[in-house]
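Reading through the structure tokens given below for one structure.
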Amino acid sequence: MRPDVPTTLPRRARLAVALTFAANGSVFGSWAPRVPEVKAALDLSDGMLGLALLAPGAGSLLTLPLAGGVAARWGSGRTTRWALVTFFLASLPIAWVAASGGGVAALFGALLLFGATMGALDVLMNAQGITVEQAYGRSVLSSFHAVFSLGALGGTLVGSLAAAQHVPLLWQFVVLGASWLAVVLPLSAAFLPDPPVPDDAPRPPVFAVPRGPLIPLAVAAFAVLLAEGSTADWSAVLLRDSFDAGPAAAGAAFAAFSATMTLGRLVGDRVLTHLGRRRAVRSFAGSGAAGLAAGLLVAELAGPPVAVPAAVVGFLLLGAGISITFPALLAEAGVTGPRAAPALAAVSSGGYVGFLVGPTVIGGLAELTSLEVAIWFVVAMTLLPVVLVRNRPPGAG
């Protein structure tokens with residue numbers, strides 16, 4: 001425990017931060033089931049929708065590097081509160097565009113704003129999570145990421161039910177956002193002040209980019225989220241087109257991946273506290289890469305009927321392997337240098353780039369070779385943190 005924080009406060013702060021992660025995931029998850037409805041309402045082609053769906057990631061990349069400096073100047077607790085309110089408000093223009101029949105440009109702009117606020121909230125709530133973790137004196141950040149995943153799952157269910165009952169998207173966002181704000185804002189009074197910074201510490205950068213020891217962490221984050229994004233977009237296609245899986249079986253790969261990722265994060269804090277961040281990153285990333293490689297090898301060599309379950313098991317093991325890797329990289333960044341938020345912003349930016357470009361890279365490689373070959377790039381990327389994090393300075397983390 002931090003000596004300047006009473007022992008009862010971190011528990012309250014941990015609950016407040018966990019609910020902030022859940023709220024973020026819930027609203028984000030509730031949007032996905034409404035995408036087909038918005039596509040139909042605006043009469044968008046697949047290509048036009050694909051262009052619009054690039055906007056949230058682009059918006060996040062605009063604000064991620066800036067959010068660290070904002071938190072360093074005004075504190076992660078206060079700015080997380082601001083960002084949460086702004087994030088909920090930013091969901092409303094999406095519903096307005098869908099209801100008014102705006103075109104792809106209007107939808108792109110609404111999603112750009114939505115992504116920008118989400119990217120800022122991502123950095124700020126993780127910075128407050130690092131502050132809570134330091135107050136505890138042990139790992140707690142992984143559990144926050146697990147709660148985000150659970151919130152996203154709950155939001156997906158809410159969005160699906162709302163779509164089935166023809167609830168207007170505006171009302172969905174208003175009710176969901178207002179409900180979360182009514183719960184989280186009063187509890188956010190328990191957010192902790194950030195640790196004091198030495199007087200001789202350099203001023204925080206306005207625009208956070210990876211420097212020095214943050215570079216390998218940012219590249220590792222790029223690799224891990226590239227693997228996650230590629231799995232989300234290509235695992236079902238791989239099983240269907242390469243291993244002749246039916247629609248239900250094709251989706252099982254990502255379902256298994258998501259389940260073990262969430263479970264891994266739920267227990268990840270104990271693992272990180274026991275092994276340490278750098279050792280855990282090496283061990284889990286390596287085992288995830290080995291698991292996917294084994295599953296793909298068996299699937300490609302054995303053929304049907306073994307291929308589909310083997311590939312599903314491979315993605316299941318990949319999910320378990322990278323489950324705690326990204327939270328561990330953020331936690332490691334948070335103790336690199338005097339201020340956590342700018343370091344988190346720099347490393348998170350690398351991860352977001354990987355998540356965005358990963359599916360495109362796999363698609364390009366598949367076009368040049370085949371999807372069975374291209375998916376091995378995910379294995380290679382998952383191995384990268386094993387090399388990069390091993391080279392961290394011995395005294396860090």
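The values are calculated or read from the model by the stated rules, or taken from the named source; none is laboratory data. The structure displayed is predicted, hence computed values, not measured ones. Glycine gets a Cβ as well: all are built from the backbone with ideal geometry, and neighbour counts include every protein chain shown.
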Original post:
What residue, of Ala72, Ala13, Ala40, is in a helix (DSSP H, G or I), farther than 22 Å from Leu141 by Cα, hydrophobic (A, V, I, L, M, F, W, C) and over 19 Å from the mean Cα position of the chain (by Cα)?
Top reply: Ala40
Original post:
Considering Gly29, Gly50, Gly57, which residue is under 21 Å from Leu150 (Cβ atoms), assigned to a helix (DSSP H, G or I) and not basic (Lys, Arg)?
Top reply: Gly29
Original post:
Among Ala178, Ala208, Ala221, Ala163, which is crowded, with 21+ Cβ neighbours inside 10 Å and not assigned by TED's automatic domain parsing to the domain that holds Ala307?
Top reply: Ala208
Original post:
Considering segment 311-330 alone, what residues qualify as being crowded, with 24+ Cβ neighbours inside 10 Å and over 17 Å from Ala232 (Cβ atoms)?
Top reply: Ile324, Pro327, Ala328, Leu329, Leu330
Original post:
In segment 366-384, is there at least one residue being outside any loop (DSSP other than H, G, I, E, B) and hydroxyl-bearing (Ser, Thr, Tyr)?
Top reply: yes
**OP:** Kindly establish whether Ala106 is without any contact (Cβ under 8 Å) to a residue 12 or more places away in the chain and either over 22 Å from the mean Cα position of the chain (by Cα) or assigned to a helix (DSSP H, G or I) (or both).
**Re:** yes
Original post:
Just checking, which of Val308, Val298, Val335 is in contact with a helix residue (DSSP H, G or I) (Cβ under 7 Å, 6 or more places away or on another chain) and surrounded by fewer than 20 Cβ atoms within 10 Å (Cβ to Cβ)?
Top reply: Val298
Original post:
Could we say that Ala299 is within 16 Å of Leu316 (Cα to Cα) and either acidic (Asp, Glu) or touching a residue at least 40 places away in the same chain (Cβ under 8 Å) (or both) here?
Top reply: yes
Original post:
If you check every pair at least six apart or on different chains, which have Cβ atoms under 9 Å apart with a residue in segment 133-159 that is on the phi > 0 side of the Ramachandran plot first and a residue that is outside any helix (DSSP H, G or I) second?
Top reply: Gly137/Met1; Gly137/Arg2
Original post:
Wholly within segment 242-347, which helices (runs of 4 or more DSSP H) include no fewer than the required count, namely at least 3 residues that are assigned by TED's automatic domain parsing to the domain that holds Gly129, out of contact with any Asp or Glu (no Cβ under 9 Å at 6 or more places or on another chain) and of a type in the set (Phe, Trp, Tyr)?
Top reply: none
Original post:
Taking segment 224-250 as the search range and keeping residues that are of a type outside the set (A, V, I, L, M) and over 20 Å from the mean Cα position of the chain (by Cα), which one is surrounded by the most Cβ atoms within 10 Å (Cβ to Cβ)?
Top reply: Phe243
